[in-house]
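Below is one structure, written out as structure tokens, with a few remarks after it.
The values are calculated or read from the model by the stated rules, or taken from the named source; none is laboratory data. This structure is a prediction, so every number in the text was calculated from the model and none was measured. Reconstructed Cβ throughout: ideal geometry from the backbone, glycine too, with neighbour counts over all protein chains shown. For the accessible areas, the whole protein counts, side chains as well, though only heavy atoms, and no ligand, DNA or RNA atoms are used. Shrake-Rupley method; radii C 1.70, N 1.55, O 1.52, S 1.80 Å.
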Amino acid sequence: MQAPDRVRRVVILGGGTAGWMTAAALSRSLGDAVAITLLESDAIGTVGVGEATIPTIHWFNELVGIDEAAFVRATQATFKLGIEFVDWTAPGHRYFHPFGQFGAPLPGVAFHHRWLKAQAEGLDVPLSALSLAAQLAAQGRFAKPTGDARSILSTLGYAYHFDAGLYAAYLRRLSESAGVTRIEGKLHHVERDGETGFVTALTTERGERIEGDLFIDCSGFRALLIAGAMGEGYEDWSHWLPCDRAVAVPCARVAATTPFTRSTARAAGWQWRIPLQHRTGNGYVYAGRYLSDDEAAATLLGSLDGEALAEPRFLRFTAGTRRRPWRGNVVAIGLSSGFLEPLESTSIHLIQSGITKLLTLFPNRDFDPALADRFNEVFARDMDGIKDFLILHYHATSGRDDPLWRHCRTMPLPDSLRAREEQYRRSGRIILDPDELFREASWLAVLNGQGIVAQGYNPLADAIDSTTNRAQVRQIAEVVARAAPTLPLHDAALAAMLGTS
Ligand code: FAD
């Protein structure tokens, strides 16, 4: 058998969150067998506003060997138990999308069918009463999940809010100590092979030439390799997700930090509030066709809960995706591969999932096209599933008459989302593909939170006696209600981890 022609040189273009996450994971996984060079331009800078994550961040941090306490300290992180949605369903309404599970794992049919049956038979227990994460968040408390399935703590899930700039700097230190070479400079030219079209080298404005076998495009919205060199197009989803601008501003931290992101619906979009240890991140994501930049900034600055710490920063984007983020010997990871707006904090997850897919499908120098096809297929499924989940938030609303919300309420939905909504309404079932990111608990939280009422439930729930079922559901709510006040306040839990309590 002939020895395979291995990839020996990887070049990463871009040193934002995507670039340094990729460098850290590849250097950790490939060791000395592959030389990794990262080119980034301080003059261009990074987007740097990705501050909220979802629980999949744990497997990335484990992959690159990050110690949790060191990470929380270095990135000024706080814990996140989910997202509080304020005024989304209708003005004055609130609901919580928690991480982790609702109820408890009981034998037989999925728990939420038990709850739907109990509700249909007169039990008045709101969904949020069945989530320990939601109750902890409401009380400003935090605890980590345990592995003991008999404990209500096993139903918890959590992620972090962190300073994205500090996270990238932390990963840069890890990567450089693992041998990654960083070159500071602006890309000037991309050299390609006349026959295969593969990228062969990048040259900088100062004239450095960086040759490689595999090129990873982490150049952000500019997408200099995947679009600029390889000509891959962009599928625009702004007819479903019309927000295309954001204005961000940090403000001073106030009193106790909250273990959740808050998302408040506004006339032309929504506003985020993300508490960190040293400051609070805020931003208004809006549709430029319905609101001017000045109006957006005024709304944001008028609703901060502390003193603004910087000038407002404006960003522009188009929700959408690339159908072939891997072409030839170029793989796009991060914003260069597509962007779904930050409503459910999925971008950093998509970076990590791009990295793991690349590691699983890591090519030889012949770049077997079947590997790229597989990568692109799985990436498309990820993006399509998340897209539907985001659209649901915008679509299922009532009581707001602003043009953005009218448009979203009446717009034609993707078939996949329409079918899912109808199935839930009819039978309480949540139809998911096996590898979708958002699972039953998340869909249930948002479907129910956005006011979609299930009219049925799985008939298997009728195998359980109604009185027993109601008693068990009520009992779980009582266990949750008793457990929550016994757990630490969020700042105390943080201090315990940081060793400052
Ligand atoms: P960038 O940060 O843009 O980095 C691009 C890199 O390429 C930079 O280093 C730049 O210098 C380099 N570069 C570009 N051109 C050149 C050139 N010519 N020569 C050399 N180098 C070059 N994600 C989340 O997970 N959670 C959130 O809460 C969240 N909030 C967001 C809010 C908003 C408003 C936006 C727009 C995004 C948000 N995101 C969030 C997404 C998150 O910010 C990005 O996924 C993340 O920052 C990764 O960006 P990136 O590294 O792909 O691109």
Checklist entry - Of these, Ala268, Ala256, which one is outside the structural domain of Glu51 (by TED's automatic domain parsing), buried (at least 21 other Cβ atoms within 10 Å of the Cβ) and either more than 12 Å from the ligand (Cβ to nearest atom) or over 30 Å from Gln139 (Cα atoms) (or both)? => result Ala268
Checklist outcome for this item: When Ala495 is run through (1) touching a helix residue (DSSP H, G or I) at 6+ places or on another chain (Cβ under 6 Å); (2) free of Cβ contacts under 8 Å to residues at least 40 places away in the same chain; (3) outside the structural domain of Val109 (by TED's automatic domain parsing), the failure sits at (1)
Next on the checklist: Just to check your reading of the model, which residue among Arg425, Arg420, Arg470, Arg406 is farther than 25 Å from Ala134 by Cα and either in a helix (DSSP H, G or I) or open to solvent by less than 80 Å² (accessible area, probe 1.4 Å) (or both)?
Outcome noted: Arg406
Checklist entry - Could you list, in sequence order, the residues of the range 163-198 that are among the basic types (Lys, Arg) and assigned to a loop (DSSP other than H, G, I, E, B)? => result Lys186
Next on the checklist: Please count how many residues of the range 19-41 are near the ligand (Cβ under 6 Å from one of its atoms) and either open to solvent by 10 Å² or more (accessible area, probe 1.4 Å) or closer than 20 Å to Thr78 by Cα (or both).
Outcome noted: 2
Item to check | Hey, Asp388 assigned to a helix (DSSP H, G or I), under 30 Å from Ala25 (Cα atoms) and of a type outside the set (Val, Ile, Thr) or not | outcome: yes
Checklist outcome for this item: Looking across the range 448-467 at residues that are within 22 Å of Glu84 (Cβ to Cβ) and touching a Ser or Thr at 6+ places or on another chain (Cβ under 6 Å), the single one that is least open to solvent (accessible area, probe 1.4 Å) is Gln450
Item to check | Entirely in the range 42-125, the strands (runs of 3 or more DSSP E) that have 2 or more residues that are open to solvent by less than 50 Å² (accessible area, probe 1.4 Å) and within 16 Å of the ligand (Cβ to nearest atom) | outcome: 78-80, 82-86
Checklist entry - Somewhere in the range 185-196, is a residue open to solvent by less than 20 Å² (accessible area, probe 1.4 Å), β-branched (Val, Ile, Thr) and farther than 30 Å from Ala441 by Cβ? => result no
Item to check | Number of the exception - Cys251 against (1) buried (at least 18 other Cβ atoms within 10 Å of the Cβ); (2) within 19 Å of the chain's Cα centre (by Cα) | outcome: (2)
Next on the checklist: Being open to solvent by 70 Å² or more (accessible area, probe 1.4 Å) and either under 27 Å from the mean Cα position of the chain (by Cα) or more than 15 Å from the ligand (Cβ to nearest atom) (or both) is the filter here; which residues of the range 197-218 pass it?
Outcome noted: Glu211
Checklist entry - How many residues, within the range 219-247, are within 13 Å of the ligand (Cβ to nearest atom) and either open to solvent by 10 Å² or more (accessible area, probe 1.4 Å) or more than 27 Å from Ala296 (Cα to Cα) (or both)? => result 13
Checklist entry - Pick from Ala133, Ala23: which is among the hydrophobic types (A, V, I, L, M, F, W, C), farther than 30 Å from Arg209 by Cα and part of a helix (DSSP H, G or I)? => result Ala133
Next on the checklist: With in contact with a helix residue (DSSP H, G or I) (Cβ under 7 Å, 6 or more places away or on another chain), outside the structural domain of Gln271 (by TED's automatic domain parsing) and not hydrophobic (A, V, I, L, M, F, W, C) as the only criterion, which of His395, His407, His349 stands out?
Outcome noted: His395
Checklist entry - Which of the residues that make up the range 235-270 are in contact with a Gly (Cβ under 6 Å, 6 or more places away or on another chain) and assigned to a strand (DSSP E or B)? => result Glu235, Asp236, Arg245, Ala246, Ala248, Pro250, Cys251
Item to check | Positions within the range 330-362 being more than 10 Å from the ligand (Cβ to nearest atom) and among the aromatic types (Phe, Trp, Tyr), in sequence order | outcome: Phe362
Checklist outcome for this item: Turns out the strands (runs of 3 or more DSSP E) fully within the range 271-362 with at least 1 residues that are in contact with a strand residue (DSSP E or B) (Cβ under 6 Å, 6 or more places away or on another chain) and open to solvent by 20 Å² or more (accessible area, probe 1.4 Å) are 313-316
Checklist entry - What do you reckon, is Arg173 assigned by TED's automatic domain parsing to the domain that holds Gly31 and touching a Phe, Trp or Tyr at 6+ places or on another chain (Cβ under 8 Å)? => result no
Checklist outcome for this item: Here the qualifying pairs (Cβ atoms under 8 Å; residues six or more apart or on different chains; first in the range 38-53 and not assigned by TED's automatic domain parsing to the domain that holds Ile351; second among the hydrophobic types (A, V, I, L, M, F, W, C) and near the ligand (Cβ under 6 Å from one of its atoms)) come out as none
Next on the checklist: Just to check your reading of the model, which residue among Arg327, Arg322 is over 19 Å from Val34 (Cβ atoms), at pLDDT 95 or above, among the charged types (D, E, K, R) and within 13 Å of the ligand (Cβ to nearest atom)?
Outcome noted: Arg322
Checklist outcome for this item: Only one of (1) touching a helix residue (DSSP H, G or I) at 6+ places or on another chain (Cβ under 9 Å); (2) within 28 Å of Thr500 (Cα to Cα); (3) among the acidic types (Asp, Glu) does not apply to Glu62, and that is (1)
